[in-house]
Ligand code: ADP
């Protein structure tokens, strides 16, 4: 059995990841249905029973920055072991709302944890494993903030300052620049229909 592919959606809160997730899943399913493969949709932090418990803690409780980074990677280790690696091994595709780029962006860029510590954790938890494709939904901070404000009450991260989100966005863009073969940057200020056109092209090439 040929291994499946691992696709991640990334971007600051309010960029539009969740809006496109189910649509993208349906298009991917249509693309690979003939081969008998499925698409597993999951998210971080979360994706397992333990991971979802950690998500509740991470999104709502204040904690030391290093604790936060360690818990993110602990949840990720469980996610890889229980969900992502088995799915890819049986040939299914995995679509995850966030993965380790988010930890670099939020705990590294946003909160300022030194990158070498995150790189050490990434090596420990993932070895060299990275997504086959990462779709980065990129929007200016003000647009994301307006969209969040209209949509929901904020969790711990969503309550952060504009400066925090500016640093987070910059780190996402730096990660994308570092691995251009893996990233597609989507201008998420465009209409949902326009973004779907872009994503349709992405699906046809993945
Ligand atoms: P994320 O998952 O990245 O935090 P969401 O998908 O929850 O973002 O989107 C946040 C809000 O912005 C939602 O109310 C959604 O309907 C709206 N939204 C998402 N994408 C667009 C878009 N391209 N144009 C206008 N509004 C959008």
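The values are calculated or read from the model by the stated rules, or taken from the named source; none is laboratory data. Note that the structure is a prediction, hence the values are computed from the model and not measured. Counting neighbours? That spans all protein chains shown, and the Cβs are built from the backbone with ideal geometry, glycine included.
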Out of 148, 175, which single residue is on the phi < 0 side of the Ramachandran plot, in contact (Cβ under 8 Å) with a residue 60 or more places away in the chain, assigned to a helix (DSSP H, G or I) and within 16 Å of the ligand (Cβ to nearest atom)?
-> 148
Residues within the stretch 112-140 that are surrounded by fewer than 20 Cβ atoms within 10 Å (Cβ to Cβ) and either at pLDDT below 95 or assigned to a loop (DSSP other than H, G, I, E, B) (or both), tallied = 9
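Just for the stretch 27-63: of the residues that are in a helix (DSSP H, G or I) and within 16 Å of the ligand (Cβ to nearest atom), which one is surrounded by the fewest Cβ atoms within 10 Å (Cβ to Cβ)? Quick ask: steps written out before the conclusion?
Initially, the stretch 27-63 is screened for residues in a helix (DSSP H, G or I), giving 27-35, 49-60.
Narrowing the set further to residues that are within 16 Å of the ligand (Cβ to nearest atom) leaves 55, 58-59.
Details: 55: 20, 58: 21, 59: 14.
Among those residues, the one meeting the criterion is 59.
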Taking the stretch 169-181, which residues are over 13 Å from the mean Cα position of the chain (by Cα) and under 12 Å from residue 131 (Cβ atoms)?
-> 179, 181
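Could you pull out the residue among 143, 189, 168 that is near the ligand (Cβ under 9 Å from one of its atoms), surrounded by 15 or more Cβ atoms within 10 Å (Cβ to Cβ) and in contact (Cβ under 8 Å) with a residue 60 or more places away in the chain? Break it down into steps so the answer makes sense when it comes.
Details: 189 fails: in contact (Cβ under 8 Å) with a residue 60 or more places away in the chain; 168 fails: near the ligand (Cβ under 9 Å from one of its atoms).
The match here is 143.
For the stretch 65-75, check the following and say yes or no: at least one residue is within 18 Å of residue 40 (Cβ to Cβ) and in contact with a helix residue (DSSP H, G or I) (Cβ under 7 Å, 6 or more places away or on another chain).
As a first pass, look at the stretch 65-75 and keep what is within 18 Å of residue 40 (Cβ to Cβ): 75.
Restricting the remaining residues to those that are in contact with a helix residue (DSSP H, G or I) (Cβ under 7 Å, 6 or more places away or on another chain) gives 75.
Yes, because at least one residue in the stretch 65-75 is within 18 Å of residue 40 (Cβ to Cβ) and in contact with a helix residue (DSSP H, G or I) (Cβ under 7 Å, 6 or more places away or on another chain).
Consider residue 66 carefully, then state whether it is away from the ligand (no atom under 16 Å from the Cβ), modelled with pLDDT of 95 or more and over 18 Å from the mean Cα position of the chain (by Cα).
Values: away from the ligand (no atom under 16 Å from the Cβ): yes; modelled with pLDDT of 95 or more: yes; over 18 Å from the mean Cα position of the chain (by Cα): yes.
For residue 66, the condition - away from the ligand (no atom under 16 Å from the Cβ), modelled with pLDDT of 95 or more and over 18 Å from the mean Cα position of the chain (by Cα) - is met.
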Tally time: how many residues in the stretch 75-95 are at negative phi and either in a loop (DSSP other than H, G, I, E, B) or without any contact (Cβ under 8 Å) to a residue 24 or more places away in the chain (or both)?
-> 5
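Out of all the residues in the stretch 1-26, which are within 23 Å of residue 102 (Cβ to Cβ) and either out of contact with any helix residue (DSSP H, G or I) (no Cβ under 9 Å at 6 or more places or on another chain) or more than 16 Å from the ligand (Cβ to nearest atom) (or both)? Let's see the steps before the verdict.
Of the residues in the stretch 1-26, the ones within 23 Å of residue 102 (Cβ to Cβ) are 4-25.
Matches in the stretch 1-26: 4, 5, 6, 17, 18, 21, 22, 25.
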Of all residues in the stretch 96-111 being out of contact with any strand residue (DSSP E or B) (no Cβ under 8 Å at 6 or more places or on another chain) and part of a helix (DSSP H, G or I), the one that is nearest to residue 25 (Cα to Cα) | 100
